[in-house]
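Notes follow once the structure below has been shown.
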Amino acid sequence: MTVRRGLPRLDRWGLLVLPLAGFLLAVLVWPLTAVLLRSFTDPEPGVENYLAFFHSPVYLDVLVNTFVTAGLVTLVTLLLGFPYSYLMTLASPFWRGALMLAVLVPFWTSLLVRTFAWVLILRDTGVVNELLPGPPVPLLRNLPGVLIGMVQVMLPFAVLPMYAAMRGIDRRLLQAAEGLGARPAFAFWRIYAPLAVPGVAASALLVFVSSLGFYVTPALLGGPKNIMIGELIVQQLSGVLRWGFASALAVILLVVTGGLLMLMSRLVDLRRLLGGAR
């Protein structure tokens, strides 16, 4: 049997990938390249935009505030989403559908509409302060308002991956542990919780990365001390027309986020976490 040597044959089915590759080049690679180039060339060639960022404590505070806010949103979302997802695995089909609908209906609603609804609910004369005794509690133009709005937006992104992971856990493992004398709480935290870790980690990663780029919710519910880098980029673009500096902000956010993902990849298997090859 002779083996023909030379260039590998091009799989004709592989040609179907070319439109997708061209689309990704047009809407992802080229815009990112343009942003990177503009950060070094506008208004003058050099690294002045990056020096302006790192030499200003105000901009560094915005970057730190962005990651702190995203971390708090991730923590609160997981604390709320974990028991909710677990309850969905225990509920009957009817109530499971109702709980799923309660998660998806806000998810299908416009982000701007939901944010304005929170403005009406959390203001001094809103529903929350009308129900509370005493003077109005400030819930707008501060961190609590931003957290409430962002957590409500990101909750479906936490619930769905955790529910998908919990749904595949065999509950007979808990029954076996309890049959061997383990208390229900002990069996849950030693057997069920570790099996749910991949879903929890996927939810945390998805919520955290998505929260870094928020603009509308912090702009409407937060104050000057709660500015996130997305809002700062918009201010630089529409307010002072510093396109190069805004591009540098976007590059810095992308690089820092990528660095955190690389660090996380050393701790956990991201490919398995995101449903890739095992």
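The values are calculated or read from the model by the stated rules, or taken from the named source; none is laboratory data. Owing to the predicted nature of the structure, the values given are computational and were not obtained by experimental measurement. When we count neighbours, we look across all protein chains shown, and the Cβ atoms used for this are built from the backbone with ideal geometry, even at glycine.
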- Query: residue 98 fails exactly one of the following numbered conditions: (1) outside any helix (DSSP H, G or I); (2) among the hydrophobic types (A, V, I, L, M, F, W, C); (3) without any contact (Cβ under 8 Å) to a residue 12 or more places away in the chain. What is the number of that condition?
  - Reply: (1)
- Message: Suppose the filter is at negative phi, over 22 Å from the mean Cα position of the chain (by Cα), modelled with pLDDT under 85 and not β-branched (Val, Ile, Thr); does residue 194 pass it?
- Response: no
- Please work out if residue 149 is under 21 Å from residue 101 (Cα atoms), within 20 Å of the chain's Cα centre (by Cα) and crowded, with 20+ Cβ neighbours inside 10 Å. yes
- Message: For a quick check of your reading of the model, give me the residue pairs whose first member lies in the stretch 129-142 and is at positive phi, whose second is acidic (Asp, Glu) and surrounded by 10 or more Cβ atoms within 10 Å (Cβ to Cβ), with beta-carbon atoms closer than 6 Å and at least 6 apart or on different chains.
- Response: none
- Is it the case that some residue within the stretch 50-68 is touching a residue at least 40 places away in the same chain (Cβ under 8 Å), over 26 Å from the mean Cα position of the chain (by Cα), surrounded by 13 or more Cβ atoms within 10 Å (Cβ to Cβ) and under 26 Å from residue 254 (Cα atoms)? yes
- What residue, among those in the stretch 133-157 that are over 16 Å from residue 114 (Cβ atoms) and among the hydrophobic types (A, V, I, L, M, F, W, C), is modelled with the highest pLDDT? 143
- Any residue in the stretch 198-223 that's among the small types (Gly, Ala, Ser): show its pairings with residues that are surrounded by 24 or more Cβ atoms within 10 Å (Cβ to Cβ) and not in a helix (DSSP H, G or I) at Cβ separation under 8 Å, as long as the two are six or more apart or on different chains. 222/228
- Item | Those residues of the stretch 29-67 which are β-branched (Val, Ile, Thr) and in a helix (DSSP H, G or I), in sequence order | 29, 33, 35, 41, 58, 62, 64, 66
- Odd one out for residue 184 among (1) buried (at least 16 other Cβ atoms within 10 Å of the Cβ); (2) free of Cβ contacts under 8 Å to residues at least 24 places away in the same chain: (1)
- Within the stretch 90-132, how many residues turn out to be surrounded by fewer than 16 Cβ atoms within 10 Å (Cβ to Cβ), small (Gly, Ala, Ser) and in contact with a helix residue (DSSP H, G or I) (Cβ under 8 Å, 6 or more places away or on another chain)? 1
- Task: Determine whether residue 95 is aromatic (Phe, Trp, Tyr) and more than 28 Å from residue 215 (Cβ to Cβ).
- Result: yes
- Item | helices (runs of 4 or more DSSP H) contained in the stretch 111-230 and holding at least 2 residues in contact with a Ser or Thr (Cβ under 8 Å, 6 or more places away or on another chain) | 111-122, 143-167, 193-211, 216-221
- If a residue has to be surrounded by 17 or more Cβ atoms within 10 Å (Cβ to Cβ), among the small types (Gly, Ala, Ser) and over 19 Å from the mean Cα position of the chain (by Cα) to count, how many in the stretch 219-271 make the cut? 4
- Here are 72, 87: which of them is under 15 Å from residue 146 (Cβ atoms), surrounded by fewer than 18 Cβ atoms within 10 Å (Cβ to Cβ) and touching a helix residue (DSSP H, G or I) at 6+ places or on another chain (Cβ under 8 Å)? 72
